[in-house]
Amino acid sequence: EAGVTQSPRYAVLQEGQAVSFWCDPISGHDTLYWYQQPRDQGPQLLVYFRDEAVIDNSQLPSDRFSAVRPKGTNSTLKIQSAKQGDTATYLCASSGLGVQDTQYFGPGTRLLVL
Amino acid sequence: GQQVQQSPASLVLQEGENAELQCNFSSTATQLQWFYQSPGGSLVSLLSNPSGTKHTGRLTSTTVTKERRSSLHISSSQTTDSGTYLCATSSNTNKVVFGTGTRLQVLP
């Protein structure tokens, strides 16, 4: 069974540039999560979906970040105008519907904003 | 909201020694998971243990729900155990809150 895949693996930007991250969850997983993990910190939830619906995006900086999952499968996270403070690893995870279902993580995208 | 604190922040052991990692959380949790993250790598789930004691291999987790704490015991540590151990909780939703992690280094 294929795991969660993400691309690109690395991105380097100048401040003000835009970038998109792509995630393909495990087949059949209804729930998809995006996390931001700054260096030497734990992952912090940005947004999560159940199928195509956003369930919680309260931690997503809505002025510059957006996330979609139009068909309830793949998902894209976009940063419209990157800032140095956005430097972090962006992790995608997927799970089944149950609140106790294990989350499976992708390899992450490491973003450096200069 | 939920806050998750882990201790120690870092730990250095000689191979063969045991490790004890602690996780404390501020609100009732219905799920508690321990994850491992290799340097520069992705997260891998080690154990799901919302209450009681669970064993897998050299790992033992004990969660005392009423006291809002969990521990992860690693016996006979190996150099390949080096990395970051993260505790994560959730409560009746899929929203998971992670601690800041314990960075473990096992020396040969």
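The values are calculated or read from the model by the stated rules, or taken from the named source; none is laboratory data. Predicted model, so just to flag it, every value in this text is computed and none were measured. FYI the Cβ positions are ideal-geometry reconstructions off the backbone, even for glycines, and counts take in every protein chain you see. To get the accessible areas, we keep the full protein, side chains included, count just its heavy atoms, and leave off ligands, DNA and RNA. Shrake-Rupley method; radii C 1.70, N 1.55, O 1.52, S 1.80 Å.
General observations
- Accessible area (Å², per residue) of segment A:18-96, counting only protein heavy atoms and a probe of 1.4 Å: 44 Å²
- Residues B:Gln14 and A:Asp51, FRET efficiency given R0 of 45 Å [Cβ-Cβ distance, rounded to 0.05]: 0.35
- Charged-residue dipole, Cβ positions (Lys, Arg, Asp, Glu), segment B:16-102 about Cα centre, Debye nearest 20: 300 debye
- Chains A and B together, accessible area buried on both sides, 1.4 angstrom probe, square angstrom: 1700 Å²
- Rolling a 1.4 Å probe over the protein chains gives A:Arg64 an accessible area of about 40 Å².
- FRET efficiency, A:Ser81 to A:Asp101 (Cβ-Cβ, R0 30 Å, nearest 0.05): 0.30
- Relative intensity, log₁₀ I(q)/I(0), of chain A from a Debye sum that treats every alpha carbon as a point, q = 0.19 Å⁻¹: -0.94
- Summing Lys and Arg as +1 and Asp and Glu as -1 over all other residues whose Cβ lies under 12 Å from the Cβ of B:Leu72 gives a net charge of +1.
- Inter-probe distance in nm under a simple model that places probes 7 Å from Cα toward Cβ, at B:Thr65 and A:Arg39: 4.1 nm
- Assigned charges on the beta-carbon of Lys, Arg, Asp, Glu; segment A:1-87 dipole about Cα centre (debye): 200 debye
- In the context of the full set of protein chains, residues of segment B:4-107 present 43 Å² of accessible surface per residue (probe radius 1.4 Å, heavy atoms only).
- Here's the picture: charge each Lys and Arg Cβ at +1 and each Asp and Glu Cβ at -1 in chain A, and of A:Ser81, A:Val47, A:Cys92 the one pushed furthest to the positive end of that dipole is A:Ser81.
- About the centre of its Cα atoms, the protein assembly as shown shows a dipole size close to 220 debye [charges on the beta carbon of Lys, Arg (+1) and Asp, Glu (-1) only; nearest 20 debye].
- Debye intensity ratio in log₁₀ form over the Cα atoms of the protein assembly as shown, taken at each q of 0.17 Å⁻¹: -1.21
- Across A:Thr89, B:Thr79, the residue with the most accessible area heads the list, and the full order at a 1.4 Å probe is B:Thr79, A:Thr89.
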